[in-house]
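Taking it in order: structure first as structure tokens, then the write-up.
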Amino acid sequence: MMPASTSKEAITIRLDHAKRTELDELARATSRDRSFLVNEAIDAYLVVHRWQVAHIQEGLRQAEAGEFAGADEVNAAFARWQ
């Protein structure tokens with residue numbers, strides 16, 4: 001999770017009614033406000049997608065450098081999953 005920033009900025013988003021209702025219900029159930037929950041959700045989204053992008057970029061770097069697994073390595077990896 002990202003550290004809390006001391007500087008806050010307002011943004012506007014559009015949610016369908018069902019999501020807004022669920023968000024408000026969750027806020028009430030957890031004694032949190034809507035902004036807290038949205039910030040938590042955005043933090044989680046950013047963590048996952050930063051990880052994914054970093055791994056894709058590393059895979060592309062390896063491919064461009066010709067760092068491929070050989071047939072024996074691939075077969076051994078598949079054999080471990082069977």
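The values are calculated or read from the model by the stated rules, or taken from the named source; none is laboratory data. The structure presented is a predicted model; accordingly, all values stated were derived computationally and were not measured. Heads up, the Cβs are rebuilt from the backbone with ideal geometry, glycines too, and the neighbour counts pull from every protein chain shown. The accessibility values were calculated without ligands, DNA or RNA, using every heavy atom of the protein model including side chains. Shrake-Rupley method; radii C 1.70, N 1.55, O 1.52, S 1.80 Å.
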| remark: With criteria (1) of a type in the set (A, V, I, L, M, F, W, C); (2) open to solvent by 80 Å² or more (accessible area, probe 1.4 Å); (3) more than 18 Å from the chain's Cα centre (by Cα), TRP51 comes up short on (3)
| said: Given the options ALA18, ALA44, ALA54, ALA27, name the one that is touching a helix residue (DSSP H, G or I) at 6+ places or on another chain (Cβ under 6 Å), small (Gly, Ala, Ser) and modelled with pLDDT of 95 or more. | reply: ALA27
| query | Across the range 31-48, what is the number of residues that are surrounded by 11 or more Cβ atoms within 10 Å (Cβ to Cβ) and either in contact with a Phe, Trp or Tyr (Cβ under 6 Å, 6 or more places away or on another chain) or of a type outside the set (Gly, Ala, Ser) (or both)? | reply | 12
| Right, ALA76: more than 26 Å from GLU9 (Cβ to Cβ), exposed (fewer than 10 other Cβ atoms within 10 Å of the Cβ) and out of contact with any Cys (no Cβ under 9 Å at 6 or more places or on another chain) or not? | no
